[in-house]
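The block underneath contains the structure these notes are about, expressed in structure tokens.
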Amino acid sequence: MANEIQNIPEGFKMTELGPLPEDWQVVRLGEVVETKSGGTPDRGKPEYFGGPIAWVKSGELNDTEVKFASESLTESGLKNSNAKIFPKGTLLLAMYGATAGKVGLLGLDAATNQAICAIFPYPHLLSDYLFYTLIHLREDLLNQRYGGAQPNISQTIIKNLPIPLPPLPEQRAIAHVLRTVQQAREATERVVAALRDLKKSLMRHLFTYGPVPIAHVGAKHVSPLRETEIGPLPEHWQVVRLGEVVSVGPSRTMREERLFVPFIPMSIIPENGIFISRWELRAPEEVRSGVTVSEGDFLLAKITPCLENGKQGIVRGIPGGWGYATTEVFPIRPKDELNTEFLALYLLQPEVRQDLAAKMEGTTGRQRLPKSVVLSLLIPLPPLSEQREIARILQAVDRRIAAEEAYARALGDLFKTLLHDLMTARRRVPVAAIEILGARQCLAPTAIKTIQSRTGHDAL
């Protein structure tokens, strides 16, 4: 204890939550808030549901603003239950089951069910600050859960939770910084979702019209479409069976002796992927079963649910040019007239996957795709130059998606770091800077510029 006291930074004091600034308090949540819970109308009376009153359930709390409710109540449903209408901005905390500990800020006036605790802070505690405090202290709440298979948090546990309480200006500053990073991450996630939708639309367009700008569809200089066994395609495209333009089966390669060989298990093969550039290095005697694969082979999962989930990829950069893969894949090697990336992208289309999955054979849970089905699959075969251009366009979108996903992860990591550091005062926000510059001084200039450029607004 003496050593702990000696290590307290100047201007800090020891509390039950650890060292905190001298001007911060530690209070029980029940000392600074009021709590209320909602209710559920009788499910046996349909006249209680489908009215004008939004009704939020605990599954809709996900540490963000709650902007909609999946169900609604009628006036009679509200009156005949413990449900209560809470105003926009109310802080909600899930108390029961798998969602226990999740929080949300109401983005609309709404009623709630009994699995949610509505929290109303007193004037010297900001809802926005408490919102992030409860995310930070979630494990402390969850460690006190009680019950069986679906443990719960009671209002008593919530009210007894000790929380750090900085002065009001610093609460506002902390919430501002965390909200800015959280909003930047959410904006990036929306960009990712939009890009995924764009890719789906592009795939439908490119595999129907080819690499033709949408505005040029129907123009005289663009090849007209013709009806084929797999739908409308440009007149100059062919339709072939996959077996005509690929070979399927283990790679035939010279296998020199090695201390370790690359092995690709199913767990490493990506879902909805294009390339496989990871593997395990195993001693040869540890590879008890597997199919030989070579650099450039396209691996297609053949067992349920891996096939349906889109597990596939082109082997790229494998040490020594060859290795082994799980026996639950088909190694596919396109001939000269078929581009491997084009094939991989074509097979990612949901309707193609569904068609293959419908032809799987075997017992439930262990169904596999027969090789004969793969060989007989009809695919479009554009000129090689068009195949490459289609693959180039779609892979450019994939690269943008990957970059935005990486940025979203980085913002998520930044949020976690700031949440811990700000709530424990390891990092303090310059309150004067908050008042004057809106928290510009709280993040590195490079981070500010990056967030602004990614989100399209002067968030900081």
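The values are calculated or read from the model by the stated rules, or taken from the named source; none is laboratory data. The shown structure was predicted, so the numbers you read here are calculated from the model rather than taken from an experiment. Please note: Cβ atoms are built from the backbone with ideal geometry, for glycine as well, and neighbour counts cover all protein chains shown. Remember, those area values only see protein heavy atoms, side chains included, never the ligands or the DNA or RNA. Shrake-Rupley method; radii C 1.70, N 1.55, O 1.52, S 1.80 Å.
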*Exactly one condition in (1) open to solvent by 50 Å² or more (accessible area, probe 1.4 Å); (2) at pLDDT below 95 is not met by residue 170; state its number.*
(1)
*Tally the residues that are surrounded by fewer than 18 Cβ atoms within 10 Å (Cβ to Cβ), outside any strand (DSSP E or B) and touching a residue at least 24 places away in the same chain (Cβ under 8 Å), restricting the search to region 238-253.*
6
*What pairs can you find where one residue is in region 96-119 and at positive phi, the other is open to solvent by 10 Å² or more (accessible area, probe 1.4 Å) and in a strand (DSSP E or B), and their Cβ atoms are less than 8 Å apart, with a gap of 6+ or different chains?*
97/152
*Qualifying residue in region 174-183 (condition: touching an Asp or Glu at 6+ places or on another chain (Cβ under 9 Å), modelled with pLDDT of 90 or more, more than 16 Å from residue 101 (Cα to Cα) and open to solvent by 20 Å² or more (accessible area, probe 1.4 Å))*: yes
*Might you check whether a residue that is aromatic (Phe, Trp, Tyr) and in a loop (DSSP other than H, G, I, E, B) occurs anywhere in region 5-18?*
no
_Selection count, region 397-416, where residues are open to solvent by 20 Å² or more (accessible area, probe 1.4 Å) and over 18 Å from residue 270 (Cβ atoms)_ = 5
*Looking at this structure, is residue 89 in a loop (DSSP other than H, G, I, E, B), small (Gly, Ala, Ser) and within 17 Å of residue 134 (Cβ to Cβ)?*
yes
*asked:* Go through (1) touching a helix residue (DSSP H, G or I) at 6+ places or on another chain (Cβ under 7 Å); (2) at pLDDT 95 or above for residue 80 and report which single condition fails.
replied: (2)
*How many residues does region 417-431 contain that are in a helix (DSSP H, G or I) and open to solvent by 60 Å² or more (accessible area, probe 1.4 Å)?*
2
_Taking the condition of being more than 29 Å from the chain's Cα centre (by Cα) and either closer than 22 Å to residue 245 by Cβ or without any contact (Cβ under 8 Å) to a residue 40 or more places away in the chain (or both), how many residues in region 343-368 meet it?_
5
*asked:* Looking only at region 36-47, filter to residues that are outside any loop (DSSP other than H, G, I, E, B) and surrounded by fewer than 15 Cβ atoms within 10 Å (Cβ to Cβ); which one of those is nearest to the chain's Cα centre (by Cα)?
replied: 46
_Please go through region 301-341 and give me each residue that is of a type in the set (S, T, N, Q), in contact with an Asp or Glu (Cβ under 9 Å, 6 or more places away or on another chain) and open to solvent by 20 Å² or more (accessible area, probe 1.4 Å), ordered by number._
309, 340
*asked:* Let me confirm something: among 264, 276, which residue is at pLDDT 95 or above, open to solvent by less than 70 Å² (accessible area, probe 1.4 Å), out of contact with any helix residue (DSSP H, G or I) (no Cβ under 8 Å at 6 or more places or on another chain) and on the phi < 0 side of the Ramachandran plot?
replied: 264
*Filtered residues of region 103-119 (kept if out of contact with any Ser or Thr (no Cβ under 7 Å at 6 or more places or on another chain) and of a type outside the set (A, V, I, L, M))*: 107, 109, 112
*Taking region 140-163 only, how many residues are open to solvent by 70 Å² or more (accessible area, probe 1.4 Å), touching a Gly at 6+ places or on another chain (Cβ under 8 Å) and in a helix (DSSP H, G or I)?*
2
*Being touching a strand residue (DSSP E or B) at 6+ places or on another chain (Cβ under 6 Å), over 20 Å from residue 271 (Cα atoms) and modelled with pLDDT of 95 or more is the filter here, so list the residues in region 331-369 that pass it.*
334
*Any residue in region 116-123 that is buried (at least 19 other Cβ atoms within 10 Å of the Cβ) and assigned to a loop (DSSP other than H, G, I, E, B)?*
no
*Quick one: in region 15-35, which of the residues that are aliphatic (A, V, I, L, M) and under 12 Å from residue 164 (Cα atoms) is surrounded by the most Cβ atoms within 10 Å (Cβ to Cβ)?*
29
